[in-house]
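**Q** Dumping the structure here so I can ask a few things about it.
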Amino acid sequence: MTGSTRDLLRTAGLAWVTARALVGISAAIVGVLETGDRGPYHWFDRGLLAWDGDWYRAIAENGYRLGEEEIRFFPLFPLLGRIVGLPFLDNASIGLVIVANAMALAASLMIGTLALKITDNLEIAHRSIWLVSLWPASFVLVFAYGEALFLVLTAWAGIALRDRRWGHVAAAGFLATLTRPTGLAIALLVVAVVLSDGRMTAREGARQGLALIAPFLGFAVFGMIATREHGEFFAPVDSQEVHRGEFVDPLRRLLRGFEDIVGDEMFGDGLHLPFALVAIVGVVLLARYVGRPEAIYTGAIVLVAISADNWNSLERYTLNAYPVMIGFAAFLTDLNRILLWRATIVASSAGLVGMTVLTWTGEYVP
């Protein structure tokens, strides 16, 4: 293990502990705020399996036999949760929480490693770890959500692409799309890197082709599962429309966000607008400080997120576009204003606590 890797691991460990301490503070706040009447959903009672965690637990225990809605959750995370839960009296809930939190530590380390590989700047790498770990929606890296696993796989793809290890890129892309549909964006990253390389040998071209189609193969595997269970290949995508609505013109959706934030939805849908703008600025910073391939990949994920009629969970989708954090880390490092960096971390930590509290009280849909 190199010295820089040890440094990044220490930072990742400290950031990991800090995030979980903030979630613990959130739990204490909710415990004080909540009364005996918690409403019909009792999100706080579900603990780290609140919201999507309940669906992942049900899939891990029963498979895709619950009805229509569960097909929108991709299978790799619940499968790993089921396997890891076997030594714990076959408790899938424990398995899911262990996988999510172990992957969160690995993800922050890998994103820091990728940032170092891209920028050759250890400070940017450390700051990328902190921003990913303490992003306001990063409580989902503590909950039983598939985001941490997805970040590991997409960061693996990013690192492998930098080293032109096409077999690793193919494996990461295949598994990423078995975790979340946005894994398909890895194909765009492959195309961007290939075009930037220019010439290639026939052997390398074959490997690049495999890396390009691997994410689609991962989606096809789940499509076949969906066909078997629900009779429709594209059910995993079509079922998302119930929650996210149809795709809309992203510019018009942004304008509607401005209307929301100055109207009746100021404390409702309007709250998503600042995060949408942060994501867009992050893509611009990526192109400026990091590189065009990463900006193309991240831009595609952000575009899909802001093109949804319903912006619920937008902050979590921005987390999936993790290179945004590297872009902001590079920008803040370039400014070289330590007070601004500290203020960013304090504000992000406060946002994480606030968003976790709102999630457990049912006021925010993660």
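Read-outs throughout are calculated quantities, based only on the coordinates presented, and are distinct from any laboratory measurement. Computed from a predicted model, the values in this text were never measured in an experiment. Glycine gets a Cβ as well: all are built from the backbone with ideal geometry, and neighbour counts include every protein chain shown.
**Q** For the chain, what is the calculated [θ] at 222 nm in deg cm²/dmol (nearest 500), taking -39500 (n - 2.57) for each run of four or more DSSP H residues and dividing by its residue count?
**A** -23000 deg cm²/dmol
**Q** Using 0.36 nm per residue of separation minus the Cα-Cα distance, give me the extension gain between Arg164 and Val17 in nm, one decimal.
**A** Here the segment from Arg164 to Val17 would lengthen by 49.6 nm.
**Q** Moving to a separate point now. Tell me the net charge near Arg207. Cut-off is 14 Å between Cβ atoms, Arg207 excluded, with +1 for each Lys or Arg and -1 for each Asp or Glu.
**A** Numbers: positive: Arg164, Arg165, Arg203; negative: Asp163, Asp197, Glu204.
Local charge sum for Arg207: 0.
**Q** Of Ile111, Leu8, Ile338, which is farthest towards the positive pole of the chain's charge dipole, taken about the Cα centre with +1 and -1 on the beta-carbons of Lys, Arg and Asp, Glu respectively?
**A** Leu8
**Q** With point charges of +1 on the Cβ of Lys and Arg and -1 on the Cβ of Asp and Glu, referenced to the Cα centre of segment 3-360, which listed residue (Phe174, Ala279, Gly31) lies farthest in the positive direction of the dipole?
**A** Value: Phe174.
**Q** Any idea how far apart Arg337 and Ala287 come out in nm if each label point goes 7 Å out from Cα toward Cβ?
**A** Placing both labels 7 Å beyond Cα along the Cβ direction yields 2.4 nm.
**Q** For the chain, return all DSSP H helices satisfying: extent of Cα atoms along own axis at least 27 Å; mean Kyte-Doolittle hydropathy at least -1.0.
**A** 3-33, 92-119, 202-230, 338-360
**Q** Quickly rank 141-152, 352-363 as a protection proxy: mean count of other C-beta atoms within 10 Å, highest first.
**A** Packing proxy ranking, top to bottom: 141-152, 352-363.
**Q** Report the gain in length on full extension from Asn312 to Val191: 0.36 nm times residue separation, minus Cα-Cα distance, nm rounded to one decimal. Don't skip to the answer; put the middle values down first.
**A** On the way: separation 121, 0.36 × 121 = 43.56 nm, distance 3.02 nm.
Taking 0.36 nm per residue and subtracting the Cα distance, the gain is 40.5 nm.
**Q** Could you order peptides 98-107, 175-184 by the average number of other Cβ atoms within 10 Å of their residues, highest first? Mind dumping the intermediate values first?
**A** Numbers: 98-107: 21.9, 175-184: 23.8.
Top of the packing list down: 175-184, 98-107.
**Q** Turning to a different aspect of this structure: Based on Cβ point charges of +1 for Lys and Arg and -1 for Asp and Glu, what charge dipole magnitude is obtained for segment 3-360 about its Cα centre, in debye rounded to the nearest 20?
**A** Dipole magnitude for segment 3-360 comes out near 1460 debye.
**Q** Another question, then. Would you work out the charge dipole size for segment 248-322 about its Cα centre, treating the Cβ of every Lys and Arg as +1 and the Cβ of every Asp and Glu as -1, and quote it to the nearest 20 debye?
**A** For this selection, approximately 420 debye.
**Q** Can you give the Rg to Rh ratio of the chain, both from alpha-carbon atoms, with Rh computed by the Kirkwood formula?
**A** Ratio of gyration radius to Kirkwood radius: 0.95.
**Q** Neighbouring Cβ atoms within 10 Å as the yardstick, rank Val191, Val290, Val84 fewest first.
**A** Lowest to highest Cβ neighbour count: Val191, Val84, Val290.
**Q** Would you mind telling me which residue in Leu254, Leu217, Leu134 has the biggest mean-square fluctuation in a Gaussian network model of the chain, where springs connect alpha carbons within a distance under 10 angstrom?
**A** Comparing Leu254, Leu217, Leu134 in the GNM, the peak value goes to Leu254.
**Q** Cut-off 10 angstrom, C-alpha nodes, Gaussian network model of the chain. Which of Asp45, Asp54, Asp309 fluctuates the most?
**A** Looking only at Asp45, Asp54, Asp309, the biggest GNM fluctuation is shown by Asp45.
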